[in-house]
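One structure is given below, encoded as C-alpha cells.
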Amino acid sequence: MTRSYRFPEGFLWGAATSAYQIEGSPLADGAGPSIWQRFAGTPGMMANGDTGDVACDHYRRYKQDVQLMKALGLHSYRFSVNWARVLPEGTGRVNPKGLDFYSRLVDELLEHGIAPNLTLFHWDLPAALDDRGGWLNRDSAHWFAEYAEVMFKALDGRVQRWATINEPWVVTDGGYLHGALAPGHRNKYEAPIAAHNLMRASGAGIQAYRAHGRHEIGVVFNIEPKYPHSQAPEDLAAARRAHAYMNEQFADPALLGSYPPELKEIFGEAWPDFPEDDFRLTRQPVDFVGINYYTRAVVRHDAAQYPLQATPVRQVGKTYTETGWEVHEQGLLDTLTWFKQRYGDIPLYITENGSAFYDPPVVEGERLDDPLRQDYLRRHLRAARKAIDAGVDLRGYYAWSLLDNLEWSLGFSKRFGLYHVDFATQRRTPKATAALYAQVIASHGAALDE
Ligand code: BGC
C-alpha cells in the first residue's frame with residue numbers, strides 16, 4: 001500500500017436528493033403548484049415529455065427509501081422541501097398535511113440513526129410567487145424568510161443542519177438567462193436581479209434562523225473551477241469572467257459582502273448598481289458552506305458567446321459523463337483549496353458530487369455493474385481526502401444521488417443514482433457503486449487505499 005485514505009473520525013457520509021426530482025405527487029394533500037410542476041407540464045420544455053408527477057414516488061415510498069440509506073450505512077441524508085407543499089400560496093396559509101410529510105420523513109430518518117440535512121430551496125418556487133414576480137421581486141427575500149421560519153419552528157431540534165438555497169447560479173443561469181430551466185426566462189436584464197434577490201433571501205433566511213434555530217445553517221454553491229485554454233491574455237480574461245460569473249457572483253455577496261468587478265464587464269448596462277445596504281443582508285455569518293462539485297471547464301475567449309464571451313473547450317483523451325462533463329477530480333481539490341484561500345476557514349461539506357453514465361441493464365433483477373461511476377466516486381473521494389491533508393476543514397461528503405431521478409429538463413434520461421430505479425415498476429436495485437460506497441463508509445475511507 002502506498003497511500004492511506006482513511007478519513008478523520010466524525011467525517012459525515014451521506015447521499016443527497018431534491019424534492020421535485022424524487023417525490024412525485026406534486027399536488028397531493030393540498031400542496032400548491034410549483035414553477036417546476038408548471039414548467040414540466042408545458043409542452044416542449046422537458047426531454048421525452050417527462051415530468052415529476054410520479055418521479056421516484058418517494059412521497060409514498062419514503063420509508064422504503066430510508067431502508068436503502070440504512071443499507072448503505074449513511075450517517076446523513078440531504079433532501080429538500082417543496083415550499084408549495086408547506087405554503088401552497090408561497091406565503092400566508094400553512095398546509096399542515098404538507099408539513100407533516102417532512103416531519104414524518106425526519107422521524108423515520110432519526111429512528112434509523114440518519115441525521116437529516118434539510119435544504120429549504122432546491123429550485124421549486126411556489127407558482128403563486130412566480131406570479132408575483134418570483135426572484136425578480138425584492139419581496140422574495142421576505143417570502144423566503146417567512147417560509148424558513150415556519151420550517152425552523154416545526155423542525156429545528158430534530159433537524160440540526162439546514163441550508164437556505166441550493167445552487168443559486170443554476171437558478172439564474174438556467175431559469176432567467178438561458179431559459180432551459182424553470183421559470184424559463186431568457187433575459188440578460190433579469191439574471192443579475194434574480195441572482196441578487198436569491199442571495200438576499202439566503203441572508204434573510206439565515207437571520208431568521210438566528211432568531212428561531214439553535215443548530216447549524218449554511219448555503220450551497222455549485223463551484224466549477226475555470227482554467228484558461230491558453231496563456232493568451234484574452235483566454236486568461238475569459239477564464240476570469242467565467243469564474244466570476246459562475247462562482248464568485250454568489251459566494252462573494254454571501255461571504256465577502258461585495259461583487260467581483262468582472263460582473264459589470266459581463267452584463268454591461270444590464271448590471272444594476274445594487275444598494276450598498278443590501279450587502280448587510282446578503283453577508284450573514286454561516287455555520288458551514290456546502291459545495292456541489294461535478295466538473296471543471298477549460299475556457300477560451302469567444303466573442304460570439306452572449307454575454308460571457310467565453311466558451312468551454314473539450315479536452316482530448318479525457319472521460320466525459322453522459323451530461324457532457326469532464327471527469328476531473330483535481331478540480332475538486334483545487335475548488336476546496338481555492339475556497340479556503342478566498343473565504344477563510346469555513347467548515348465545508350461536499351453536498352453533491354456524482355456522475356451520470358449509461359447504465360447496462362439490471363442483471364436478474366438484483367445487480368448492475370457501473371464501473372465508470374465507481375471510478376468517478378473513487379477518484380473524487382481520494383481528492384476530497386487530499387483536501388483535508390491540504391488543511392481544508394472538510395466535514396462530510398454527500399453522493400449525488402441516492403436514486404436515479406428526474407434530471408430536470410433532461411428528464412429521466414440521465415442516471416446519477418447509487419440505486420437504479422426502474423421508473424415503470426419503481427423497483428430499486430443497488431448499482432456496484434452503492435456497494436463500493438457502503439465499503440468506503442464502513443471502512444472510514446480505507447477501502448480507497450492504493
Ligand atoms: C443539482 C441537482 C442535479 C445535479 C446533476 C446539481 O446541479 O443540485 O439537482 O440533479 O446537479 O445535474
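The values are calculated or read from the model by the stated rules, or taken from the named source; none is laboratory data. On a predicted model such as this, the values are computed, not experimentally measured, just so you know. Because the Cβ atoms are built from the backbone with ideal geometry, glycine has one as well, and the counts that use them run over all protein chains shown. These area figures cover heavy atoms from the full protein model, side chains too; ligands, DNA and RNA do not enter into them. Shrake-Rupley method; radii C 1.70, N 1.55, O 1.52, S 1.80 Å.
Of note:
- Output for the stretch 100-115, where each listed residue is of a type in the set (A, V, I, L, M) and either modelled with pLDDT under 95 or under 22 Å from the mean Cα position of the chain (by Cα) (or both): Leu105, Val106, Leu109, Ile114, Ala115
- Residues being closer than 23 Å to Asp345 by Cα and over 20 Å from the mean Cα position of the chain (by Cα) - total across the stretch 285-325: 1
- In the stretch 267-277 there is no residue that is in contact (Cβ under 8 Å) with a residue 24 or more places away in the chain and either closer than 30 Å to Ala16 by Cβ or within 16 Å of the ligand (Cβ to nearest atom) (or both).
- Single unsatisfied condition, Ala442 versus (1) out of contact with any Phe, Trp or Tyr (no Cβ under 7 Å at 6 or more places or on another chain); (2) at negative phi; (3) open to solvent by less than 30 Å² (accessible area, probe 1.4 Å): (3)
- Here Met69 clears all of (1) over 29 Å from Ala383 (Cβ atoms); (2) in contact (Cβ under 8 Å) with a residue 12 or more places away in the chain; (3) of a type in the set (A, V, I, L, M) except the condition numbered (1).
- Selection status of Ala232, over 17 Å from Thr282 (Cβ atoms), open to solvent by 40 Å² or more (accessible area, probe 1.4 Å) and of a type in the set (A, V, I, L, M): no
- Any hit, the stretch 338-348, residues being within 16 Å of the ligand (Cβ to nearest atom), on the phi > 0 side of the Ramachandran plot and not in a helix (DSSP H, G or I): no
- Contact annotation: no residue pair with Cβ atoms under 8 Å, 6 or more positions apart or on different chains, pairs a residue in the stretch 7-33 that is among the basic types (Lys, Arg) with a partner that is open to solvent by 10 Å² or more (accessible area, probe 1.4 Å) and in a loop (DSSP other than H, G, I, E, B).
- Per the conditions (1) more than 13 Å from Ile193 (Cβ to Cβ); (2) in a helix (DSSP H, G or I); (3) open to solvent by less than 50 Å² (accessible area, probe 1.4 Å), the sole criterion not satisfied by Phe267 is (1).
- Of the residues making up the stretch 249-266, those that are in contact (Cβ under 8 Å) with a residue 40 or more places away in the chain and within 16 Å of Ser202 (Cα to Cα) number 7.
- Residue within the stretch 166-180 that is within 14 Å of the ligand (Cβ to nearest atom), among the aliphatic types (A, V, I, L, M) and surrounded by fewer than 23 Cβ atoms within 10 Å (Cβ to Cβ) present: yes
- Count of the stretch 355-376 residues which are surrounded by 21 or more Cβ atoms within 10 Å (Cβ to Cβ) and on the phi > 0 side of the Ramachandran plot: 0
Results for (1) open to solvent by less than 30 Å² (accessible area, probe 1.4 Å); (2) within 15 Å of the ligand (Cβ to nearest atom); (3) touching a residue at least 12 places away in the same chain (Cβ under 8 Å); (4) not in a loop (DSSP other than H, G, I, E, B), shown as yes or no for each residue.
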| residue | (1), (2), (3), (4) |
| --- | --- |
| Arg378 | no, no, yes, yes |
| Ala384 | yes, no, yes, yes |
| Ile388 | no, no, yes, yes |
| Gly391 | no, no, yes, no |
| Tyr398 | yes, yes, yes, yes |
| Gly411 | yes, yes, yes, yes |
| Gly417 | yes, yes, yes, no |
| Ala424 | no, no, no, no |
| Tyr437 | yes, no, yes, yes |
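- Across the stretch 306-337, the qualifying residues are those that are within 16 Å of the ligand (Cβ to nearest atom) and polar (S, T, N, Q), and the one among them that is nearest to His243 (Cα to Cα) is Thr335.
- Residues within the stretch 253-288 that are within 17 Å of Glu190 (Cβ to Cβ) and small (Gly, Ala, Ser), tallied: 2
- Unmet criterion (only one of (1) within 16 Å of the ligand (Cβ to nearest atom); (2) farther than 23 Å from Gln249 by Cβ) for Thr351: (2)
- Considering the stretch 279-297, the residues that are more than 16 Å from the ligand (Cβ to nearest atom) and open to solvent by less than 10 Å² (accessible area, probe 1.4 Å) include one that is farthest from Ser202 (Cα to Cα), namely Phe288.
- Among the residues of the stretch 200-218, at least one is farther than 27 Å from Asp100 by Cβ, of a type in the set (Lys, Arg) and touching a helix residue (DSSP H, G or I) at 6+ places or on another chain (Cβ under 9 Å).
- Here Asn247 meets the list (1) over 19 Å from the mean Cα position of the chain (by Cα); (2) surrounded by 17 or more Cβ atoms within 10 Å (Cβ to Cβ); (3) assigned to a helix (DSSP H, G or I) almost entirely, failing just condition (1).
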